[in-house]
Structures are given as C-alpha cells and as structure tokens.
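Below is one structure, written out as structure tokens; comments come after it.
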Amino acid sequence: MKLRVATRGSKLSLLQTELFIKSIKEVEPDLEFEIVVVKTTGDLVQDRPLYAIGVKGVFEKEVNLAVLRGQADVAVHSLKDLPSEIHEDLVVAGYSKRDSPYDAIASTRGYDVWGLPRGARVGTSSVRRGAFLKSIRPDLHIEPLRGNVDTRIGKVLSGAVDAAVLAEAGVRRLYGENPPVEIRRVKPDEIPPPPGQGIVAAVARKDDRGIIDLLRKASDPRAALEARAERAFLKEMGGGCHVAVGGLATATPNGIEFLAGWASVDGSRKVLVKAFGESPEEVGVRAARMLKSALGPPHGHRV
C-alpha cells in the first residue's frame, strides 16, 4: 500500500513530513509513501504580513484541498497553522511527539527578551509576538518579517534586524543543535505560544477510517491531549492570526495545566489566566472563557 502525503514545499515542511512518516513507519513498516508538494497562498505572498493577506489558514487550505480532491490521502501541517475549524469532510487525526512549544529570540549576540538593546529592531509578522513583546519591552521596534525560517534567520545574519522571534521547534528541526544564530527561549508568561506550536499534525478525510486508525496509532498520546485542549481553546476564543492570543496546555500526571494570554496590539495591556482540569476540551474551553471574562466588554465579544 502507498500513502500519498500532501505538504508545503519549504525545507522545514518537508522535514516535518519526514518526521511524521517516520512515526507511521514505526507502526506500519511495510507502507510506501509518496510526497505531494503543494504551493500555498502563504508561500506565494511574501510581501505582506500574514494578517494582511485576508485569508484564514493561508498555509493550510490548499494542502487540505489535495486530500479533498483525492490527490493525497493525508495532509501534514504544523498544527499551529491549522485554524480551529477545518473543512467539514476532514478531521485532524494524527499528532507527532511535541517538540518545544515555546517562542525564541534569534540573534547573533545571544540576546534574550530583556537583554535586547534599547530600541532594537525585532523582526516578526506575528501580531501575537509583536503585541506581547511590546507589553514587556515598549521600547522595541517591531519590524515586519516574512518568509521561511531560513529566510528570516538570513535577515538576522545580514543585520536587517537585530533579532527575530521564531518558533524554537522550527529552528531546532531545521538546524539541529547548531543553528547559525543564537537561540534564547522566551518564557510562556512573557509570550504565550500559539495553540499547537511544536506539534506536527496529520489531516485525513472523515470517512477514511483505515487512514484515521493508522494516524491515531502513530500519534503521541501526550501531544494529542495537549493539542485537543489547545484547539478547544482556539475554537472558543474565535479570531485568527490578527488577534494577539496565545494558549499552552501542559499534560501532567494529575491533569492538564493551561496558560492563556491576550495583549493589545500596542502592548499597553496584557492579561494572563491559568486553568487546570482533567478533560482536555473542558480545560481549553474554560481557559478561553476565563480569558474573555478577564478582558471584559467590549474585548470579550471581539476576540
């Protein structure tokens, strides 16, 4: 049997796809694989921040379409790129073991958030990252920075920006333990990560029970719990990449801890909440409701 796997064509996306294929081979070693590379809106439009493109799921829709059209059996994504609601005929069925869920400061001088020089130019096109950075370092200049991870790191190396905020997992997957820049992890209460960061997810057709069962067998149980909590949070919060909201679930032997945060775009206000529970969906929804309640009207109705 051959499994056709749709993915974006970036180096990181292909590495993540190989990572997920490896986990499937561990449960079905005789399977063969064909990689179907898809160009997405997010890949093609590089001159605008993600929130300015005006399309939800700019890295997701076209890859999933390959599955809907029968051109692929499975679509592989960074879970953080998947909107809380995907096409009704599709389901998120597989989750890789989670790598670091945290954001990181990439620079040539080893800066952490507090070590960045006053007025430093920090590159990111994430509204969330920019807002939370401004909330703790209002002196920083946030510079729009698009492109694949290696492109953004190239901007740091060339001096176009003093530093960039990136997903630690993406940098580590791409470069291993010796990236060309220095990486300093950001604490989640400083910049709460986006739901799903650090997890590679696989999407299949809802009616394809054989594929769904295979993906679930290949999934990491802890990552699946944390993903379910974070996606329930994301769905309850609403919004998209233009909203500065983060949420991180941590599965423990006693239950699921959830940290959630919101910041105003200019960084003038920040709210953090914590929830704990046993059911991933329940704790995710409760964290979202706590956050919306803490924000109060009119924010509670707009986020």
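The values are calculated or read from the model by the stated rules, or taken from the named source; none is laboratory data. Everything numeric here is computed off the predicted structure, so don't read it as measured data. Backbone-built Cβ (ideal geometry, glycine too); neighbour counts: all protein chains shown.
Given the residues Gly154, Gly170, Gly123, Gly159, which is the only one that is farther than 22 Å from Arg8 by Cβ and not assigned by TED's automatic domain parsing to the domain that holds Gly267?
Gly159
With the structure loaded, tell me whether Val161 is surrounded by 16 or more Cβ atoms within 10 Å (Cβ to Cβ) and either more than 14 Å from Ile105 (Cα to Cα) or under 20 Å from the mean Cα position of the chain (by Cα) (or both) or whether it fails that test.
no
Only one residue in Lys187, Lys134 is modelled with pLDDT of 95 or more and in contact with a Gly (Cβ under 8 Å, 6 or more places away or on another chain). Which one?
Lys134
Quick one: what pairs do we get from the range 194-205, first residue without any contact (Cβ under 8 Å) to a residue 12 or more places away in the chain and on the phi < 0 side of the Ramachandran plot, second surrounded by fewer than 24 Cβ atoms within 10 Å (Cβ to Cβ) and not in a loop (DSSP other than H, G, I, E, B), C-beta under 7 Å, 6+ apart or different chains?
none
Among the residues of the range 206-251, write down those that are without any contact (Cβ under 8 Å) to a residue 40 or more places away in the chain, within 20 Å of His87 (Cα to Cα) and not charged (D, E, K, R).
Gly210
Among the residues of the range 185-222, what is the count of those that are crowded, with 18+ Cβ neighbours inside 10 Å and part of a strand (DSSP E or B)?
6
What number of residues within the range 44-80 satisfy the criterion of being modelled with pLDDT of 90 or more and either acidic (Asp, Glu) or assigned by TED's automatic domain parsing to the domain that holds Ala229 (or both)?
Number satisfying all stated conditions: 1.
How many residues are at pLDDT 95 or above and surrounded by fewer than 23 Cβ atoms within 10 Å (Cβ to Cβ) if we restrict to the range 120-131?
Looking only at that region, the number is 2.
Residue check, Phe276 against (1) hydrophobic (A, V, I, L, M, F, W, C); (2) farther than 20 Å from Ala131 by Cα; (3) at pLDDT below 95, all met but one. Which one?
Here Phe276 clears every test but (3).
Does Phe258 satisfy being in contact (Cβ under 8 Å) with a residue 12 or more places away in the chain and farther than 19 Å from Arg128 by Cβ?
no
Return the only residue of Leu272, Leu291, Leu248 being farther than 30 Å from Glu62 by Cβ, assigned to a strand (DSSP E or B), outside the structural domain of Leu82 (by TED's automatic domain parsing) and within 21 Å of the chain's Cα centre (by Cα). Before the answer, list the steps.
Numbers: Leu291 fails: assigned to a strand (DSSP E or B); Leu248 fails: farther than 30 Å from Glu62 by Cβ.
Going through Leu272, Leu291, Leu248 in turn, just one is farther than 30 Å from Glu62 by Cβ, assigned to a strand (DSSP E or B), outside the structural domain of Leu82 (by TED's automatic domain parsing) and within 21 Å of the chain's Cα centre (by Cα): Leu272.
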